[in-house]
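Working notes, beginning with the structure itself.
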Amino acid sequence: NPDPGKYAAGDQFDPLIAGWVRYWNEVLAPEEPLNPNLVKALIATESSFRSDELANKKNLNSARGLMQLTNDSRKALGDEKGEIKDHYLTLTREELNDPSANICAGVRWLFRKKRLASGKLGRVASWEEAVSEYKSTLTPKTPAKAKRAKELMDRFRDYLKELEK
């Protein structure tokens, strides 16, 4: 079970999370709007609210920041001819360490992951399924990966439940 006090540092990011979620909900107008608590739970389980988090200290291209965006994700977000032709974002690797830029990019990436999850599932994905795609756990290929996917998503759901109380 998550300890809400363990992530008390996350409260400082509430205005950024709320602002960027509202912005992307207005710009991309999903049928089911994204809930800021879902993003906060995602951040809690990705970086424990450490904005300078680098997944692999020996690899500057590894996932970084609050939402643990990879360099490949950053490049995809900024490729105006690529998978995100509308509302793309151009950020440097270093800018992903900035909480506001990271949350902005991470929320935009989550919208992209919702579209990808919908394609994989053959129906409109839920936001929780989009989180699962974000965490690369939507379609695990082995029993070991399925077990790990369940652990990651259970941790996410537990934190989200705490936030929804």
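The values are calculated or read from the model by the stated rules, or taken from the named source; none is laboratory data. Just so we're clear, the structure is a prediction, and the values are computed from it rather than from any experiment. Note that we place each Cβ from the backbone using ideal geometry, even for glycine, and neighbour counts take in every protein chain shown. With ligands, DNA and RNA removed, areas are computed over all heavy atoms of the protein, side chains included. Shrake-Rupley method; radii C 1.70, N 1.55, O 1.52, S 1.80 Å.
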Magnitude of the charge dipole, the range 88-140, Cβ model with Lys/Arg +1 and Asp/Glu -1, debye to 20 = 320
note = Between the modelled labels at residue 62 and residue 158 (7 Å from Cα along Cα→Cβ) the distance in nm is 2.4
query = Rounded to the nearest whole Å², what accessible area per residue is found for the range 10-153 with the 1.4 Å probe?
reply = 51
key: Ratio Rg/Rh [Cα only; Rh per Kirkwood] for the chain   = 0.94
ask   = Which whole-Hz couplings ³J(HN,Hα) result when phi for each residue of the range 112-125 is put into the Karplus expression 6.51 cos²θ - 1.76 cosθ + 1.60, θ = phi - 60°, listed in order with x for Gly and Pro?
value = 5, 5, 5, 5, 5, 4, 4, x, 5, 8, x, 7, 5, 6
task = Kindly state, to the nearest 0.05, the FRET efficiency for residue 50 paired with residue 124, given R0 = 45 Å and r defined as their beta-carbon distance.
result = 0.85
task = Show that you can apply the helix-only estimate: for the chain, add -39,500 (n - 2.57) for every DSSP H stretch of four or more residues, divide by all residues, and state [θ] at 222 nm to the nearest 500.
result = -17000 deg cm²/dmol
request  = Kindly write out, for the range 19-27 in residue order, the coupling ³J(HN,Hα) from the Karplus curve 6.51 cos²θ - 1.76 cosθ + 1.60 (θ = phi - 60°), rounded to whole Hz, with x marking Gly and Pro.
outcome  = x, 6, 5, 4, 4, 5, 4, 5, 5
query = Share of the chain's accessible area from carbon and sulfur, percent, 1.4 Å?
reply = 51
ask   = Considering the range 75-165, what Rg and Dmax in Å follow from its alpha-carbon atoms?
value = 14.8, 42
query = Sequence-distant or interchain residues sharing an amide H contact under 5 Å with residue 69, placed H: which?
reply = 64
task = Exposed loop GluC sites (Glu not before Pro) only (DSSP loop, at most 12 other Cβ atoms within 10 Å): please give the longest stretch of the chain free of them, not including the sites.
result = 84-165
task = Quote to one decimal, in nm, the extra length available between residue 93 and residue 18 on full extension: 0.36 nm per residue of separation minus the C-alpha distance between them.
result = 24.6 nm
